[in-house]
Amino acid sequence: MRYQRVIWAFVGVFAVAIALVLVLGRAPRKGYTPLHIERESLGQFPPAPGARGVIAAFPVDLDDDGNHEVIGIRERLSTKQGDAALWTDLNGKFERLPIAVFYERLHMPFPATFEDTRPKRSLLQRELLGWDAASQRLMRLRRQGGSFTTAAISDARLQRFPDATIFDADADGVSETLLVYLAPRPAAFRLTPEGRWRPLASPVPDPRLAVERLHDKVSTKRPRPSGHFTISTPVEFFLPVSSPLCASS
C-alpha cells in the first residue's frame, strides 16, 4: 500500500511537469510581438502573369488605418520589369500593385529551422517606393480611399527596374535604409519610425563595393589558356552589421 502511494505521487508530479512544459512552450517569447499573419495564407496569393511563386511577404499599413495588410512578392521570370507585387487586406481581398516595389529579401516565409535568421524588429511601412514601367520613374506608392496613388520622386528616367538594396545602416537591428543604384550616384532613402520614406541628402557609400574590395584582397586569380581567370575565394564576405554604413541627413 505504501509503495502504491509513492507510485501515484510520482505519477502526479510527472503529469504536472508535463503540463507546465506544454503551457510554457506555448507562451510568447519576451519582447516579441507576433503579427496575425498565417504562413499558410501566403500560398493563397493569386497567380500573376509571367511570375512564379511567392518569394517574400511583409506587413504594411498603406491606408494608415491601424490595421495590418500584407504585400506578397511573386518572382517574375524577367527582372527587367521588377517582381510582381500583390496587396491583401487579410480578409480575402487581393489587388495587384500598379508598380514594382522595393522590398527586403529577408522578409519571406522561412522554415522553422531558420526562425532566428530573420530580422528581430522591423518598421511598419505606410508607403512603398518602387518603379513605374510606363513613366520609367521612381515612384512613391500609397493607398487612399480604397485605391492606390503614386507620385514621382525623381525626374530621372530608367528603362528597366533599377537594382536596389534595403539594409541596416545604423546597426540597430532594423533595416531602414534603401539604396537605389542610379548613375552617376545612388539615391538613398531612410524609413522613419512613422513608416515614411524620406530622401537622404548626404552621399551613401555603396555597401557592395566594400564587399568586392574584401573579395579582391583575399582572392587568388589564376590565368587560363582562354585568357580568362579562375578566381578562388577562401571565405565569403557579407555586409558587416556592427558598423554604420551611412549617416542620417
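Just to verify a result, which residue in the range 65-77, among those that are part of a loop (DSSP other than H, G, I, E, B) and either under 20 Å from the mean Cα position of the chain (by Cα) or hydrophobic (A, V, I, L, M, F, W, C) (or both), is surrounded by the most Cβ atoms within 10 Å (Cβ to Cβ)? Talk me through it step by step, then tell me what you get.
Here is the first cut: in the range 65-77, the ones part of a loop (DSSP other than H, G, I, E, B) are 65-68, 77.
Now drop any that are not either under 20 Å from the mean Cα position of the chain (by Cα) or hydrophobic (A, V, I, L, M, F, W, C) (or both), which leaves 67-68, 77.
On the way: ASN67: 10, HIS68: 14, LEU77: 11.
For the range 65-77, the residue satisfying everything is HIS68.
Go through the range 45-64 and count every residue that is more than 14 Å from THR88 (Cα to Cα) and either assigned to a strand (DSSP E or B) or of a type in the set (Ser, Thr, Tyr) (or both).
Within the range 45-64, residues that are more than 14 Å from THR88 (Cα to Cα) and either assigned to a strand (DSSP E or B) or of a type in the set (Ser, Thr, Tyr) (or both) number 4.
Residue check, ASP83 against (1) over 21 Å from GLY195 (Cα atoms); (2) among the charged types (D, E, K, R); (3) modelled with pLDDT under 90, all met but one. Which one?
Single failed check for ASP83: (3).
May I ask you to verify whether ALA152 is at pLDDT 80 or above, in the same structural domain as LYS80 (by TED's automatic domain parsing) and surrounded by 11 or more Cβ atoms within 10 Å (Cβ to Cβ)?
On the way: at pLDDT 80 or above: yes; in the same structural domain as LYS80 (by TED's automatic domain parsing): yes; surrounded by 11 or more Cβ atoms within 10 Å (Cβ to Cβ): yes.
Yes.
Please go through the range 90-106 and pick out each residue that is touching a strand residue (DSSP E or B) at 6+ places or on another chain (Cβ under 8 Å), surrounded by 14 or more Cβ atoms within 10 Å (Cβ to Cβ) and not in a strand (DSSP E or B).
Once the filter is applied, which keeps residues that are touching a strand residue (DSSP E or B) at 6+ places or on another chain (Cβ under 8 Å), surrounded by 14 or more Cβ atoms within 10 Å (Cβ to Cβ) and not in a strand (DSSP E or B), the range 90-106 yields LEU90, LEU97, PRO98, ILE99, PHE102, TYR103, GLU104.
Can you name every residue in the range 150-164 that is more than 17 Å from ALA84 (Cα to Cα) and assigned to a strand (DSSP E or B)?
ALA151, ALA152
If a residue counts only when it is under 20 Å from ILE166 (Cα atoms), at pLDDT 70 or above and in contact with a strand residue (DSSP E or B) (Cβ under 7 Å, 6 or more places away or on another chain), which strands (runs of 3 or more DSSP E) contained entirely in the range 197-246 have at least 2 such residues? Outline the logic, then answer.
Values: elements: 197-199, 220-223, 229-232.
Qualifying strands (runs of 3 or more DSSP E): 197-199.
The values are calculated or read from the model by the stated rules, or taken from the named source; none is laboratory data. Being a predicted model, the structure only gives us computed values, none of them experimental. No Cβ is skipped: glycine too gets one built from the backbone with ideal geometry, and neighbour counts run over all protein chains shown.
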